[in-house]
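The values are calculated or read from the model by the stated rules, or taken from the named source; none is laboratory data. Everything quoted here is computed from the prediction, not taken from an experiment. Quick reminder, even Gly has a Cβ in these numbers, built from the backbone with ideal geometry, and neighbours come from all protein chains shown. Surface accessibility is based on the protein's heavy atoms, side chains included, excluding ligands, DNA and RNA. Shrake-Rupley method; radii C 1.70, N 1.55, O 1.52, S 1.80 Å.
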Amino acid sequence: MTAGINAPGRARIPVRSLRTDRWWLPPLITNLGLATFVIYATVRSFMGEWYWVNDYHYLTPFYSPCISESCVPGSAHFGEWIGELPGWIPMGFLALPFLLGFRLTCYYYRKAYYRSVWQSPTACAVAEPHAKYSGETKFPLILQNVHRYFFYVAAIVAVINTYDAIVAFHSPDGGFGMGLGNVILLVNVIMLWAYTLSCHSCRHIAGGRLKHFSAHPIRYKFWTFVSKLNVRHMQLAWITLGTLMLTDLYVMLVASGAISDLRFV
Ligand code: FES
């Protein structure tokens, strides 16, 4: 062996780690959290029903934007651009691949799944199972560099989700209405913005490659704002997985008639 933990010059330690604490717990929790979201989002995306509440105009983010003739009446906020979709294509197919790409290439999620799923390495001072390490210098991981472009699309999707949350202030008789669903949709969209703007690429777009902040006061202000969010990027990554699932679950329960929306106005 010429690379990895068996490379010449590395200490010969027969056990995988000399750590005595529960170093395996954080990667295990990360795995469980990610698996929960992936399973939930996959099932819901392919379900094809209970994504729109016609009375209150609630649309789940997993189906937004809905742009086909398969969308239930009222849910296609931006028009029906294409005909009926076969059941194996999710109705949110336009945004989902980009959102998936955005999260998969996110700097925080990379850390999370490199450690927990790929175990490269699982934890500090714990030998990894792989013999070789090429980092992100080779295919396929070199593709992680496209993160910035996913950020641009994710920002557009956040605008679309914001629009969905605004048009949801609707009552069955046609005027303004507000219920618990609006609060949930609004909190979700605020958290999505916080996560999106806290992105490391966004921070670089805001303040990167500048020689003098003093010559760019607006960019400096925006960079300062993004930097404050950026230190919470990990928390926002997890919070938004939670708010996305909660929002979708609430819309599903109301749309299916399992519960009624709690109306304030
Ligand atoms: Fe996480 Fe960009 S670094 S979304």
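Using a probe of 1.4 Å on the protein chains alone, the accessible area found for THR162 is around 40 Å². Ordering VAL159, THR137, ALA112 by Cα displacement along the dipole of the chain toward the positive end leaves THR137 in first place; charges were set at the Cβ atoms of Lys, Arg (+1) and Asp, Glu (-1).
Report in % the part of the accessible area of the chain that belongs to carbon and sulfur, leaving out ligands and nucleic acids; probe 1.4 Å. Write down the numbers at each step before the final one.
Working: 10290 of 15050 Å².
Carbon and sulfur together cover 68 percent of it.
Rolling a 1.4 Å probe over the heavy atoms of the protein chains gives the chain an accessible area of 57 Å² per residue.
Let me check something: with ligands and nucleic acids excluded, how do GLU128, GLU136 order by accessible area (1.4 Å probe), largest to smallest? Working shown, then result.
Working: GLU128 45, GLU136 65 Å².
Final ranking, largest accessible area leading: GLU136, GLU128.
Three principal axis extents of the chain based on alpha-carbon atoms, in descending order, are 76, 50, 37 Å. Computed with the Debye formula from one identical point scatterer per Cα of segment 174-265, without solvent, the log10 of I(q)/I(0) at q = 0.14, 0.17, 0.20, 0.24 Å⁻¹ comes to -0.64, -0.77, -0.90, -1.09. Since only LEU94, SER256, PHE46 are under comparison, the one whose Cα sits farthest along the positive direction of the charge dipole of segment 25-256, derived from C-beta charges on Lys, Arg, Asp and Glu, is LEU94.
Based on the Cβ-Cβ distance from GLU69 to THR36, what FRET efficiency comes out when R0 is 35 Å, to the nearest 0.05?
Values: r = 33 Å, r/R0 = 0.93.
Efficiency, rounded to the nearest 0.05: 0.60.
Taking the alpha carbon gyration tensor of segment 216-265, multiplying each eigenvalue by 5 and rooting it gives semi-axes of 37, 14, 7 Å, largest first.
For ILE142, ILE156, the ranking by accessible surface with the largest value first comes to ILE156, ILE142, using a 1.4 Å probe.
Straight-distance candidates among the lysines for linking to LYS211, with alpha-carbon spacing under 19 Å and chain neighbours fewer than 8 residues away dropped: LYS221. By the Cβ-Cβ criterion of under 4.7 Å, the unpaired cysteines of the chain are CYS106, CYS124.
Can you list which of the chymotrypsin sites (Phe, Trp or Tyr not before Pro) found in segment 175-233 are DSSP loop residues with at most 10 other C-beta atoms within 10 Å?
Numbers: sites: PHE176, TRP193, TYR195, PHE213, TYR220, PHE222, TRP223, PHE225; in loops: PHE176.
Passing both the DSSP loop test and the Cβ count: PHE176.
Simple point charges give the picture: +1 on the Cβ of Lys and Arg, -1 on the Cβ of Asp and Glu, and for the chain a dipole about the Cα centre of about 2020 debye.
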